[in-house]
Amino acid sequence: MIDQINRSVRAIPNWLIYVAGAVPVIWLYVQGFQNALGPDPVDVIERSLGLWALWLLIAGLCVTPLQRMTPLRLIKLRRPIGVLAFFYVLVHFLTWLVLDVQIPSQIVADIIKRPYVTVGMVSLVLLLPLAVTSNNWSIRKLGGRWRKLHQLVYPAVALAGVHMVMQAKGFQLEPLLYLAVIVLLITTRWMPLSTFRQAFVKR
Amino acid sequence: MANRWRNTLTSDDVTPEAMFLNRRQMMAGAAALGLGLTASPLRAAGLEPNSYEDITSYNNYYEFGTGKDDPARYADQLTIDPWTIKIDGMVEKPGDYAISDLVPQMTIEERIYRFRCVEAWSMVVPWNGFELADLLDLVGVKSGAKYVAFETVLRPEEMPGTRFPVLNWPYREGLRLDEARHPLTLLATGIYGKPMPKQNGAPIRLVVPWKYGFKYAKSISRITLTDKEPPTSWNMANAREYGFYSNVNPEVAHPRWSQATERRIGGGLFAKREPTLMFNGYDEVASLYQGMDLRKNF
Ligand code: HEM
């Protein structure tokens, strides 16, 4: 079974993942153009893209622990997941900028003055170099520094989780659960391998 | 009342005719047609009520969930008949008032008001309701009372959103007595001539058009006259972000949203932002706040 999954994952061409991953964005905008997203399409698109971005970032953080804890080999998916996550963050940001806030002076003021936007922006800025260097050429070129650079993904995703918590009004459970999952996924990185093996694999 | 407020935002001619006729039938006999028919300068700028569909499908009513579509989805569970409002505190005639007895004693009017949410979006809503001042006169306000506190019904079994402490339930709001007595302030019982939909705060809710929407307590179960500023839910949740007054004010930015502009709901994907007006355009309330620093008393 597991072997089967591993084999099928390896067989998926990357272009297919990118095309499939772009479908929700296109679908949201098509619905928006057709006025099929309710009274406030901008809000629906903005929030949906934010959630997709967060799901993809979390999915990307799951790949390595799964590889360590289970015989699943999903590493091939990590790059497309990460690049797609950045694409969603970018469209989330551009939707906010072009359709929501609109006014240039207000865009700058919002990024500086609204803490939850500032935090989201820092996350986006941290993700940018990772997206740009997610290709074989950069890995070869950067050598050992590539790994170091890509550790930025931890603060970036943590800040995305904080952004989600901060944008929620009142005391809400869902954003806190996302943040808890992110913190857990990041802290497992520092757990020695043997802890995993003992906890999950041997028994 | 000598200074009954005159509607300037009538737009019967832009409302679809079927809806208009329907509304007139519903309003017949309800002394509702004393509408000032002066053309509003704002109408030239395209001001017309949002559709019934917009108004009833895009709501903030956290007792039913934090999503804008949650109230429309879950509010049908709320039992609104029978409904009593407990009126207590510094009043001559405290008691439990059944709204089936109360509302027929009131003059129901149609008021087309701008509605401005603190989240920097806006609508235009044709409310049906009566002036809160008339109710206060009916129950008799004792001298010394300075504030009116409102409480939304709290029924966890009918209100799924209240099973988690998103806010400190029950939802509480308040007005200063002079704000409550202002002729613009309504207790609304309907929209578009139809009974108040549950997702909009049935059977009876507050409407204070120069304040942000969260001040408009919904599904009111208690009204209390007091001499102290009452605690209000959003202020208790985050005092830095939500003040007691919460007057619409484009010059006082909220920590989450610039309040200088707003997005009119219903304008589709490319709706342009519009400038927000001081007191949401209801300049007649300015005198209530003379001498107050509205930056401090936000
Ligand atoms: C890694 C980067 C980011 C992620 C993962 C992310 C994710 C999210 C999520 C999950 C939500 C909540 C959606 C919901 O619960 O309905 C949200 C809301 C929001 N995000 Fe982001 N975001 C990111 C960056 C940004 C940036 C850079 C901006 C703008 C500069 C931004 C602006 C907003 C706004 C304005 C909202 C609130 C929408 C509303 O209240 O209607 N985000 N984001």
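Worth a mention:
- Only one of the listed residues (A:66, A:72) is surrounded by fewer than 17 Cβ atoms within 10 Å (Cβ to Cβ), in a loop (DSSP other than H, G, I, E, B), away from the ligand (no atom under 11 Å from the Cβ) and aliphatic (A, V, I, L, M). That residue is A:72.
- Residue list for the stretch A:89-115, restricted to those being closer than 16 Å to residue A:160 by Cα, open to solvent by less than 30 Å² (accessible area, probe 1.4 Å) and free of Cβ contacts under 8 Å to residues at least 24 places away in the same chain: A:114
- Scope the stretch B:112-142; condition open to solvent by 10 Å² or more (accessible area, probe 1.4 Å) and assigned to a helix (DSSP H, G or I); matching residues: B:134, B:137, B:138
- Applying the condition of being within 12 Å of the ligand (Cβ to nearest atom) and open to solvent by 20 Å² or more (accessible area, probe 1.4 Å) to the stretch A:75-88 and asking which residue is farthest from the other protein chains (Cβ to nearest Cβ) yields A:82.
- Selection count where residues are assigned to a helix (DSSP H, G or I), of a type in the set (A, V, I, L, M) and surrounded by fewer than 19 Cβ atoms within 10 Å (Cβ to Cβ), scope the stretch B:244-298: 3
- Taken over the stretch B:66-77, the criterion of being in contact (Cβ under 8 Å) with a residue 24 or more places away in the chain, surrounded by fewer than 20 Cβ atoms within 10 Å (Cβ to Cβ) and not β-branched (Val, Ile, Thr) is satisfied by B:70, B:76, B:77.
- Selection count where residues are under 11 Å from residue B:220 (Cβ atoms) and part of a loop (DSSP other than H, G, I, E, B), scope the stretch B:143-172: 3
- Some residue of the stretch A:49-63 being within 14 Å of chain B (Cβ to nearest Cβ) and not small (Gly, Ala, Ser): yes
- Residue match in the stretch A:114-127 (condition: farther than 25 Å from residue B:258 by Cβ, touching a helix residue (DSSP H, G or I) at 6+ places or on another chain (Cβ under 7 Å) and either within 14 Å of chain B (Cβ to nearest Cβ) or within 12 Å of the ligand (Cβ to nearest atom) (or both)): yes
- Output for the stretch A:39-63, where each listed residue is open to solvent by 40 Å² or more (accessible area, probe 1.4 Å) and either at positive phi or near the ligand (Cβ under 8 Å from one of its atoms) (or both): A:47, A:51
- Qualifying position, being more than 12 Å from the ligand (Cβ to nearest atom), among the hydroxyl-bearing types (Ser, Thr, Tyr) and not in a helix (DSSP H, G or I), among A:138, A:134: A:134
- Total residues in the stretch A:89-107 satisfying the condition of being within 11 Å of the ligand (Cβ to nearest atom) and more than 11 Å from chain B (Cβ to nearest Cβ): the figure is 8.
- Some residue of the stretch A:180-187 being surrounded by fewer than 15 Cβ atoms within 10 Å (Cβ to Cβ), under 20 Å from residue A:55 (Cβ atoms) and either within 12 Å of another protein chain (Cβ to nearest Cβ) or near the ligand (Cβ under 9 Å from one of its atoms) (or both): no
The values are calculated or read from the model by the stated rules, or taken from the named source; none is laboratory data. From a predicted model like this one, the values you see are computed outputs, not experimental measurements. In this analysis, Cβ positions are derived from the backbone assuming ideal geometry, glycine residues included, and neighbour counts consider all displayed protein chains. Side chains included, ligands, DNA and RNA excluded: accessible areas come from the protein's heavy atoms. Shrake-Rupley method; radii C 1.70, N 1.55, O 1.52, S 1.80 Å.
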